[in-house]
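Please read the structure below before turning to the comments.
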Amino acid sequence: MRFFKDDEQEFLTAIALGAAAYRCSEAGEVLATAATVRDGDRESWMTAWLALADRVRAIADGTSGVSARDAYLRAALYYGLAAFPALGTSQAERWPEIWRSGRDAWARAAEMLGGEVVSIPYEGDVPMPGWLFRPAGEGPFPLVILNNGSDGANVDVWVQGGAAAIERGYAALVFDGPGQNAMLHEHEIGFRPDWEAVITPIVDWALRQPGIDGARLALVGVSQAGYWVPRAVAFEHRIAAAVADPGVIDVSSSWMRHLPPSLRKRLDRGDREGFDRSMKWGMRFSKQARFQMAFRAHPYEIDDPFDVYRAVQEHRLDDATIAAIRCPMLVCDPENETFWPGESEALYEKLTGPKELVRFTAAEGGDLHCEVKAPTLRNQRVFDWLDRTLGTA
């Protein structure tokens with residue numbers, strides 16, 4: 001069953017429905033809103049989800065306690081859905097505004113969930129913002145560091161591990177790394193391939209926090225963090241267990257798949273002028289190409305198409321880096337993976353240390369990128385593995 005012919009809208013709708021498992025959406029609200037969207041029309045999508053987000057935010061502002069908390073969680077997710085296609089609409093300038101509305105709703109919910117606002121030292125004068133959640137009890141608690149992907153809102157990793165961690169007695173850290181959320185929108189700091197430069201400061205910080213068991217630190221990454229996580233643990237050996245969902249060896253493979261052979265040749269031989277000229281010419285005639293380039297390139301903080309593609313190509317794991325991974329790794333392998341098909345299994349085969357590959361199938365509703373339709377199934381398997389690996393069961 002499909003709600004939209006448009007793949008982007010279909011996938012975002014699956015995210016919205018799956019989030020209901022952790023009270024971050026309401027199935028009725030999702031279905032009613034999706035029914036008002038014109039298939040393939042980003043303007044219609046943004047308008048519909050922004051109206052729902054504003055309405056649910058008003059509910060949150062007008063009540064208190066659990067009612068307010070749940071409404072803020074839902075509003076945060078709905079603002080994220082509204083913001084996703086903004087750069088492909090006539091109101092592209094509203095993207096930061098809508099993002100901030102979602103971030104504010106998340107911050108209100110996180111406070112009501114007991115989250116502690118934290119500031120993690122990073123390069124220069126700009127720390128990485130985050131929220132630290134602790135379960136009930138005395139501790140010390142194992143800590144799950146939740147590494148978001150290329151475009152996920154903070155509330156998304158609450159669905160993809162944050163809530164599940166607290167329920168199972170783990171502390172959980174939600175943070176913004178370079179190119180993500182506040183680091184992108186407020187500080188204009190873009191992605192970097194050497195992600196150990198992000199995770200090592202987080203580990204340094206975590207080891208100084210009261211109630212955290214420094215011997216049981218886990219790093220869990222979703223989407224593009226399926227590259228960042230194995231890259232980081234190849235160099236940062238204080239992480240006791242790592243999860244990549246999905247496994248990603250070469251981030252650029254999802255970009256190169258849609259690049260014509262002639263442009264690949266220009267890129268490979270360093271023909272910047274020819275590559276940029278052809279890209280700009282092609283984008284003149286394709287609204288979809290213009291959107292994808294604007295949306296996917298923005299977190300790199302690079303304007304030139306040739307330079308963006310070269311920067312993406314740096315996000316690649318070579319065999320020596322993979323061989324340097326010492327901690328146990330779980331690699332998730334969803335059927336019908338859209339962005340990096342086959343790379344989970346390829347990464348798993350190259351790992352030389354303790355490892356496990358867990359498959360998710362369409363028959364069980366666990367297919368698609370990051371298993372978005374079945375977050376409780378996904379979290380059950382991830383945290384059962386973490387329990388066994390860290391001895392926290």
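The values are calculated or read from the model by the stated rules, or taken from the named source; none is laboratory data. Treat the numbers as computed from the prediction; the structure is a model and nothing was measured. All Cβ positions, even for glycine, are placed from backbone atoms using ideal geometry, and neighbour counts span all protein chains on display. To get the accessible areas, we keep the full protein, side chains included, count just its heavy atoms, and leave off ligands, DNA and RNA. Shrake-Rupley method; radii C 1.70, N 1.55, O 1.52, S 1.80 Å.
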Kindly check whether there is at least one residue in the stretch 40-56 that is more than 18 Å from Val155 (Cβ to Cβ), open to solvent by 30 Å² or more (accessible area, probe 1.4 Å), free of Cβ contacts under 8 Å to residues at least 40 places away in the same chain and of a type in the set (D, E, K, R).
yes
Exactly one of Asp125, Asp104 is touching a helix residue (DSSP H, G or I) at 6+ places or on another chain (Cβ under 9 Å) and not aromatic (Phe, Trp, Tyr), and that residue is Asp104
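Under the condition of being open to solvent by 50 Å² or more (accessible area, probe 1.4 Å) and not in a loop (DSSP other than H, G, I, E, B), which residue from the stretch 12-27 is nearest to Tyr79 (Cα to Cα)? Explain how you work it out, then say what you get.
Looking only at the stretch 12-27, we keep the residues that are open to solvent by 50 Å² or more (accessible area, probe 1.4 Å), and these are 17, 21, 23, 26.
If we keep only those that are not in a loop (DSSP other than H, G, I, E, B) as well, we get 17, 21.
Details: Leu17: 15, Ala21: 18 Å.
In this case the residue turns out to be Leu17.
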Does Asp250 satisfy being more than 21 Å from Gln292 (Cα to Cα) and under 18 Å from the mean Cα position of the chain (by Cα)?
-> no
Exception for Arg272 within (1) charged (D, E, K, R); (2) touching a strand residue (DSSP E or B) at 6+ places or on another chain (Cβ under 9 Å); (3) more than 25 Å from Pro230 (Cβ to Cβ) falls at (2)
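Which of the strands (runs of 3 or more DSSP E) found entirely inside the stretch 64-156 contain at least 3 residues meeting this: at negative phi and open to solvent by less than 20 Å² (accessible area, probe 1.4 Å)?
On the way: elements: 116-120, 128-133, 141-147.
Once the strands (runs of 3 or more DSSP E) in the stretch 64-156 are filtered for at least 3 residues that are at negative phi and open to solvent by less than 20 Å² (accessible area, probe 1.4 Å), what remains is 128-133, 141-147.
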Being open to solvent by less than 30 Å² (accessible area, probe 1.4 Å) and touching a Phe, Trp or Tyr at 6+ places or on another chain (Cβ under 6 Å) narrows Gly190, Gly226 down to just Gly190
Flagged in the stretch 310-357 as closer than 19 Å to Leu219 by Cβ, open to solvent by less than 20 Å² (accessible area, probe 1.4 Å) and hydrophobic (A, V, I, L, M, F, W, C), in numbering order, are Leu317, Ile322, Ile325, Cys327, Met329, Leu330, Val331, Cys332, Trp340, Leu347, Leu351
From the option list Ala163, Ala171, Ala215, Ala182, single residue qualifying as farther than 23 Å from Arg100 by Cα and open to solvent by less than 20 Å² (accessible area, probe 1.4 Å) is Ala171
Flagged pairs (Cβ under 7 angstrom, 6 or more apart or on separate chains; first in the stretch 111-139, under 12 Å from Met183 (Cα atoms); second polar (S, T, N, Q) and outside any loop (DSSP other than H, G, I, E, B)) are Pro127/Ser119; Pro129/Ser119
Within the stretch 277-297, of all residues that are more than 29 Å from the chain's Cα centre (by Cα) and charged (D, E, K, R), the one most open to solvent (accessible area, probe 1.4 Å) is Arg284
Condition set touching a Cys at 6+ places or on another chain (Cβ under 9 Å) and open to solvent by 50 Å² or more (accessible area, probe 1.4 Å), scope the stretch 358-388, selection farthest from Val220 (Cα to Cα): answer is Arg359
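If I ask for residues that are part of a loop (DSSP other than H, G, I, E, B) and open to solvent by less than 60 Å² (accessible area, probe 1.4 Å), which ones from the stretch 242-259 would you list? Can you show your working first?
First, the residues of the stretch 242-259 that are part of a loop (DSSP other than H, G, I, E, B): 246-249, 251-252, 257-259.
Across the stretch 242-259, the qualifying residues are Pro246, Gly247, Val248, Ile249, Val251, Ser252, Leu259.
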The residue from Ile199, Ile189 that alone is farther than 26 Å from Trp95 by Cα and over 14 Å from the mean Cα position of the chain (by Cα) is Ile199
